[in-house]
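Read through the structure below, which is laid out as C-alpha cells, and then see the notes.
The values are calculated or read from the model by the stated rules, or taken from the named source; none is laboratory data. In this text the structure is predicted, and so the values were computed from the model without any measurement. Every residue, glycine as well, gets a Cβ built from its backbone with ideal geometry; the counts of neighbours run over all protein chains shown.
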Amino acid sequence: MTASQTASGDQSLDAADLDALRALGHRMIDDAVDELASLRETGAWRPMPDAVRAAWSGPLPRVPENAASVYDEYRRLIAPYATGNRHPGFMGWVHGGGTFVGALAEFLAGALNANLGGRDHAPVACERQVIAWAAEMLGFPPDASGLLVTGTSIANLIAVLVARTDAIGADSRARGLRDVPLVAYASVAAHGCVPRALDMAGIGSDALRMVPCDAQGALRLDALQAMIADDLQAGLAPFLVVGTAGSVDSGAIDHLDELATLCARHDLWFHVDAAYGAIAMLSHRYRPRLAGIERADSVAFDFHKWAQVPYDAGCIVVRDARAHRAAFARPATYLSRTARGLAAGDPWPCDFGPDLSRGFRALKVWMTLKTYGGNRLGQVVDRCCDVARHLAARIDAEPLLLLAAPVGLNIVCFRFTPGDDAMQAAIAEDVQLSGIAAPSTTVIDGRVVIRAAIVNHRTTERDVDALVDATLLFAQRRTEAARA
Ligand SMILES: *Cc1c(COP(=O)(O)O)cnc(C)c1O
C-alpha cells in the first residue's frame, strides 16, 4: 500500500485519492496561518451581508460535492463572518482569543476520533491528567474528580446536581426531590446560568436566593447569614452556596475564604463559579485574590476563556470524587467494566456527568498547557489586567466618559455621560459595526453601560485606546445628529 491509497474498503467514505485530501489539508493550514498573520487588517467583527445570510437556507444536500469546493464555500460564507473573538479589538462578553496550537489539537482530536465516554485508552488518561492539573491549579487534593464539558454553564449544572444528591441522598435520583424545600444562595452578580442550573436540576430558580453585593461587587456575608437564618427558621433546607470568582458584569470576586468558613459551619455545599477567574490562579499577582477557592467543594471554570483554548472547553472539578460519582454513575450491562481489555479503567468519565459519548476536548487543553506552560498563561492574565487598567485610566481622563464599576480584574464598564441608556447601546453597536472594536453592554445599578472584557492575549493598550477613540467619535456623531 502506498500513502496515496486508503486502507479502507471500496464502500468507505475515505477518499480514493489521499493526495488531494492532503493538499486540501495543507491549504487549510496555510490559509489559517495567513489569517492569523493578517488578523489586525480585518475588522473585529463584520455583519453578514444579506446575500450570505440568504445562503443559509438550502435543502439537505443529496449528492456529493468536492471537499475542496465545500472548503471554498466555508471561506466565502463562514470564515469572514464569525464572532471575531480572535481579533485583538474583540472585547465583548468574555471570550478567549484562541491559539493556533489549540486549533491544531482540534484537528488532531478530530482525526483520531476518540470517544471519551469511557474505556481504557490514552485519550481518557490525557483527560484525567488535565483534570489533575486543574485540581493542582485550584489547590484541590490530587484525588479530586472532574470532567471537561462544553462550558461553565454545564459545569455549574453538574455542581448543582452533585450538591443536591449529596444533600438529600443518592436515592433522590430515583424518587426525585419529594418536596424537600432546598434553597441555595448566590450573589446578585452571579451569572444567569446559576439560576438556570437550579431550574434544570428540578429545584427551581425561585429556590436561589440572590444575596446583595457590597460596593466592590462581592456577596455580602452579613446578608447571606441573615438569609440562611431566616430560611432555617422557616423550615427550609439550605444546601448550597455559589460563590463567584470573576463576575461577568464587573469582574468582582466574592470573599471566598469567608464563604468557605460559613459553608463549613452550616454544612452547605460550597461551589465556586470561576468561569474565567480560575485561570488567575496561574498568576502570582492575582492568585492571592482567590484565596479560599482551594476550600470549595467544587469549582466550575472554562479553559476557553482566559486560558485561550479554542471553544469549547469548560471544566468541573469536585473535591470528593465519591460524591461526584454518586450523582451520575448508573449500572448498565452494555457499559460493564472489566479488569483488563478495552472495558477496563473504571471509573469512566460517563460516571461523572450526563454525557456518554464525549469528544477529545482534553487534547487541546493538554497541548495548550504544555506548549505555553502555566506561568505563561498566568502572564496573559496579568497582561489583560494591565490593559484593562490602562483603559480605566483613559476613561478616567476623558471628561465625557465615566467608569461605572470598580475595575478589579479585566472588565471595564463605562458610560458616555451625556447619553441615556439607549445612547450607550447605540454607541456599542456603532463601534461593533465599524470593526474597530467589539465591546458589549450590560446593566450596572440599573443603567446600561458599555463593557469591555480584556480576555484576548492579543489585546494591547493600542486596541483599548482605539475603543475609547471610537466611542467618543460615534458618541459625538450621535450627539450632533440629535441636535441637527
Ligand atoms: C462565561 C461565564 C459563564 C458561562 O460559561 P460558558 O462557558 O459560557 O457556559 C458562567 N459564569 C461566569 C462568571 C462567566 O463569565
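Yes/no per residue for (1) within 16 Å of the ligand (Cβ to nearest atom); (2) within 15 Å of the chain's Cα centre (by Cα):
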{"site": "Phe90", "(1), (2)": "yes, no"}
{"site": "Gly97", "(1), (2)": "yes, yes"}
{"site": "Gly110", "(1), (2)": "no, no"}
{"site": "Gly117", "(1), (2)": "no, no"}
{"site": "Ala132", "(1), (2)": "no, no"}
{"site": "Ala135", "(1), (2)": "no, no"}
{"site": "Ala155", "(1), (2)": "yes, yes"}
{"site": "Asp179", "(1), (2)": "no, no"}
{"site": "Ser187", "(1), (2)": "yes, no"}
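So, Ile411, is that one in contact (Cβ under 8 Å) with a residue 12 or more places away in the chain and under 23 Å from the mean Cα position of the chain (by Cα) or not? So Ile411 passes the test.
Taking the condition of being part of a strand (DSSP E or B) and within 16 Å of the chain's Cα centre (by Cα), how many residues in segment 244-255 meet it? If you could, list the steps in order and put the result at the bottom.
Taking segment 244-255 first, the residues part of a strand (DSSP E or B) are 244-245, 253.
Then keep just the ones that are within 16 Å of the chain's Cα centre (by Cα); that gives 244-245.
Residues flagged as part of a strand (DSSP E or B) and within 16 Å of the chain's Cα centre (by Cα) within segment 244-255 amount to 2.
Looking only at residues that are assigned to a helix (DSSP H, G or I) and touching a residue at least 60 places away in the same chain (Cβ under 8 Å) in segment 31-46, which one is surrounded by the fewest Cβ atoms within 10 Å (Cβ to Cβ)? Top of the filtered list is Val33. Looking at segment 476-484, is at least one residue surrounded by fewer than 18 Cβ atoms within 10 Å (Cβ to Cβ), in contact with a Ser or Thr (Cβ under 8 Å, 6 or more places away or on another chain) and either modelled with pLDDT under 95 or not in a helix (DSSP H, G or I) (or both)? No. Note on segment 308-335: residues that are surrounded by fewer than 18 Cβ atoms within 10 Å (Cβ to Cβ) and among the hydroxyl-bearing types (Ser, Thr, Tyr) total 2. Applying a threshold of 8 Å to beta carbon distances and a minimum spacing of six or more residues, or different chains, the list of pairs starting in segment 105-128 at a residue that is closer than 26 Å to Ile29 by Cα and in a helix (DSSP H, G or I) and ending at one that is at pLDDT below 95 and not acidic (Asp, Glu) is empty. Being more than 26 Å from Asp382 (Cα to Cα) and not basic (Lys, Arg) holds for only one residue in Leu467, Leu472, Leu403, and it is Leu472.
State which residue pairs qualify: first residue within 10 Å of Gly151 (Cα to Cα) and inside segment 294-306, second residue part of a strand (DSSP E or B) and away from the ligand (no atom under 12 Å from the Cβ) in any location, beta carbons under 7 Å apart, and separation of 6 or more residues or different chains. From residues that are within 10 Å of Gly151 (Cα to Cα), there are no pairs.
For every residue, the table says whether it meets (1) within 30 Å of Asp312 (Cα to Cα); (2) at pLDDT 95 or above; (3) touching a helix residue (DSSP H, G or I) at 6+ places or on another chain (Cβ under 8 Å).
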residue	(1), (2), (3)
Trp366	yes, yes, yes
Lys370	yes, yes, no
Gly378	yes, yes, yes
Arg389	yes, yes, no
Ala397	no, yes, no
Leu400	no, yes, yes
Leu409	yes, no, yes
Gln424	no, yes, no
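Just one residue in the set Ala278, Ala300, Ala237, Ala291 is within 21 Å of Ser153 (Cα to Cα), in contact with a Leu (Cβ under 7 Å, 6 or more places away or on another chain) and not hydroxyl-bearing (Ser, Thr, Tyr); that residue is Ala278. Of the residues Pro141, Pro212, Pro195, the single one that is surrounded by fewer than 24 Cβ atoms within 10 Å (Cβ to Cβ) and within 14 Å of the ligand (Cβ to nearest atom) is Pro195. Looking only at residues in segment 257-273 that are more than 14 Å from Phe140 (Cα to Cα) and not charged (D, E, K, R), the one that is surrounded by the most Cβ atoms within 10 Å (Cβ to Cβ) is Leu259.
A quick yes/no check of all residues on (1) touching a strand residue (DSSP E or B) at 6+ places or on another chain (Cβ under 7 Å); (2) on the phi > 0 side of the Ramachandran plot; (3) among the aromatic types (Phe, Trp, Tyr):
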position: Asp445; (1), (2), (3): no, yes, no
position: Arg451; (1), (2), (3): yes, no, no
position: Asp469; (1), (2), (3): no, no, no
position: Ala481; (1), (2), (3): no, no, no
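Of the residues making up segment 299-320, one or more are under 30 Å from Asp171 (Cβ atoms) and of a type in the set (Gly, Ala, Ser). Residue count for segment 172-209, restricted to those that are in contact with a strand residue (DSSP E or B) (Cβ under 7 Å, 6 or more places away or on another chain) and not hydroxyl-bearing (Ser, Thr, Tyr): 17. Would you pick out the residues in segment 278-306 that are touching a His at 6+ places or on another chain (Cβ under 8 Å), away from the ligand (no atom under 11 Å from the Cβ) and not in a loop (DSSP other than H, G, I, E, B)? Ser298, Val299 - these are the residues of segment 278-306 that are touching a His at 6+ places or on another chain (Cβ under 8 Å), away from the ligand (no atom under 11 Å from the Cβ) and not in a loop (DSSP other than H, G, I, E, B). Note on segment 209-242: residues that are over 23 Å from Val180 (Cβ atoms) and in a strand (DSSP E or B) amount to 2. Give me the residue from segment 148-183 that is hydroxyl-bearing (Ser, Thr, Tyr) and under 24 Å from Leu232 (Cβ atoms) and, out of that set, surrounded by the most Cβ atoms within 10 Å (Cβ to Cβ). This residue is Thr165. When segment 307-317 is filtered for residues that are in a loop (DSSP other than H, G, I, E, B) and either near the ligand (Cβ under 10 Å from one of its atoms) or in contact with a Pro (Cβ under 6 Å, 6 or more places away or on another chain) (or both), the ones remaining, listed by number, are Tyr311, Asp312, Ala313. For the residues Asp249, Asp257, Asp267, the requirement of being within 16 Å of Cys385 (Cα to Cα) and acidic (Asp, Glu) singles out Asp249. Taken together, the residues in segment 87-104 that are out of contact with any strand residue (DSSP E or B) (no Cβ under 9 Å at 6 or more places or on another chain) and not in a loop (DSSP other than H, G, I, E, B) amount to 5.
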